[in-house]
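The values are calculated or read from the model by the stated rules, or taken from the named source; none is laboratory data. Bear in mind that the values here come from a model prediction, so they are computed numbers and not experimental data. Quick reminder, even Gly has a Cβ in these numbers, built from the backbone with ideal geometry, and neighbours come from all protein chains shown. Quick note on the areas: whole protein, heavy atoms, side chains included, nothing else; ligands and nucleic acids left out. Shrake-Rupley method; radii C 1.70, N 1.55, O 1.52, S 1.80 Å.
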Amino acid sequence: MIKRAIALISLAAPAVASDFSLQLPIDCTLGDTCYIRQFVDHDPNASASDFACGPLTYDTHKGTDFALNDLSIMEAGVDVLAAAPGRVVTTRDGMEDVLYTPDRAAQIEGRDCGNGLVIDHGSGWRTQYCHLKQGSVIVEKGQRVDAGAVLGEVGLSGRTQFPHLHVTLRKNDQVVDPFAPEGRRICGLPEKTLWAEAPVFQNGGIIRAGFADAPPAYDAIKAGQQSLTVFTPQSDILAVWVHSFGAQAGDSYRIEIIGPDGAVLQKDAEQSRTQAQSFRFVGKRRPPDGWASGVYSATLSLIRDGVAIDTAQITATVE
């Protein structure tokens, strides 16, 4: 079992002067089965910056990306929800769930959003929902929906390389960042948002962590490979892996494995560059007498400016 300790930052209450607010548009638990990977780009130039002046966006990104931890969660099914009441004005379905590669650019031209829909909320407000699972859209053009109504499921359609829901909010056809509705970089936490209950802001963290007895493939981790829970005394390797998001240049990973006889491995690994996703794997080969029987615990932390912004604790047993 994975235990988490996250340095979370609470956001402010919604903008009380507005008669419009959003509910969470996805049926998942932030910090557990999903996380916010990217925000609206507030930099008018060729570079990119999220509302907090951080790197959790890319140039011209027009929405908020709610990412699932791995493909297995997508395959199990995660509902997309209407963020506010309104009328469905357009839908699209039928595009396959395939990781985007440059050779597919012509095939999806003009359909980067993949399967999705747009809801008109009145007074100029609209929300757009992208990358839904093929065959999952259950609403029709002209249909009225309540806030929280199921629209479909999170998928991998369109221009995307990870399972997620992209939501764009517009007011009179202009993109609005619900985290910073005044339309400017705050370089800190906002005083007002358009969320009915503002999601906690996490500017990077651990997606998943686990034990392994062999070097895991990164693709397997992203697909949902689980932590190994039982080793044998003759297992060749006892190691741990960590999959994170939003790691910045200068961050580091602190990894510690403690066995029944004390420390097995202690290691600090520096993050050399800013990355949307990062993966680390460290371990130790079997000692001459084999692994001692008992419980092994591992603590994996993402460190920024000397502070752990996220920590995962996992356990396994040698039998």
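When Ala298, Ala269, Ala276 are checked against the criterion of being open to solvent by less than 80 Å² (accessible area, probe 1.4 Å), under 21 Å from Leu238 (Cα atoms) and at pLDDT below 95, a single residue qualifies: Ala269. Any residue at all in the range 238-261 that's acidic (Asp, Glu), surrounded by 18 or more Cβ atoms within 10 Å (Cβ to Cβ) and in contact (Cβ under 8 Å) with a residue 12 or more places away in the chain? Within the range 238-261, one or more residues are acidic (Asp, Glu), surrounded by 18 or more Cβ atoms within 10 Å (Cβ to Cβ) and in contact (Cβ under 8 Å) with a residue 12 or more places away in the chain. Every listed requirement among (1) in contact with a Ser or Thr (Cβ under 7 Å, 6 or more places away or on another chain); (2) of a type in the set (Val, Ile, Thr); (3) under 18 Å from Leu81 (Cα atoms) is met by Val145 save one, (1).
Listed by first and then second residue, the pairs with beta-carbon distance under 7 Å, at least 6 apart or on different chains, first residue in the range 82-109 and free of Cβ contacts under 8 Å to residues at least 40 places away in the same chain, second assigned to a loop (DSSP other than H, G, I, E, B) and loosely packed, with under 15 Cβ neighbours inside 10 Å, form an empty list. Looking only at residues of the range 92-116 that are buried (at least 19 other Cβ atoms within 10 Å of the Cβ) and under 21 Å from the mean Cα position of the chain (by Cα), we find that the one that is farthest from Lys222 (Cα to Cα) is Gly116. Scanning the range 180-212 for residues that are assigned to a strand (DSSP E or B) and over 30 Å from Leu228 (Cβ atoms) yields Thr193, Trp195, Phe201.
Under the condition of being closer than 11 Å to Ile258 by Cα and out of contact with any Pro (no Cβ under 9 Å at 6 or more places or on another chain), the residues counted in the range 291-312 number 3.
Name every residue in the range 37-91 that is charged (D, E, K, R), part of a loop (DSSP other than H, G, I, E, B) and open to solvent by 10 Å² or more (accessible area, probe 1.4 Å), in order of residue number. Hits for the range 37-91 are Asp41, Asp43, Asp59, Lys62. Checking the range 123-132 against the condition returns no match, with no residue being more than 30 Å from Lys222 (Cβ to Cβ), free of Cβ contacts under 8 Å to residues at least 40 places away in the same chain and assigned to a strand (DSSP E or B). Taking the range 213-237 as the range and being closer than 30 Å to Asp289 by Cα, of a type in the set (A, V, I, L, M) and either open to solvent by less than 20 Å² (accessible area, probe 1.4 Å) or part of a strand (DSSP E or B) (or both) as the test, the residues that pass are Val230, Ile237.
Within the range 196-206, is there a residue that is open to solvent by less than 10 Å² (accessible area, probe 1.4 Å), modelled with pLDDT of 95 or more, within 30 Å of Gly306 (Cβ to Cβ) and out of contact with any Gly (no Cβ under 7 Å at 6 or more places or on another chain)? Yes, the conditions are met somewhere in the range 196-206.
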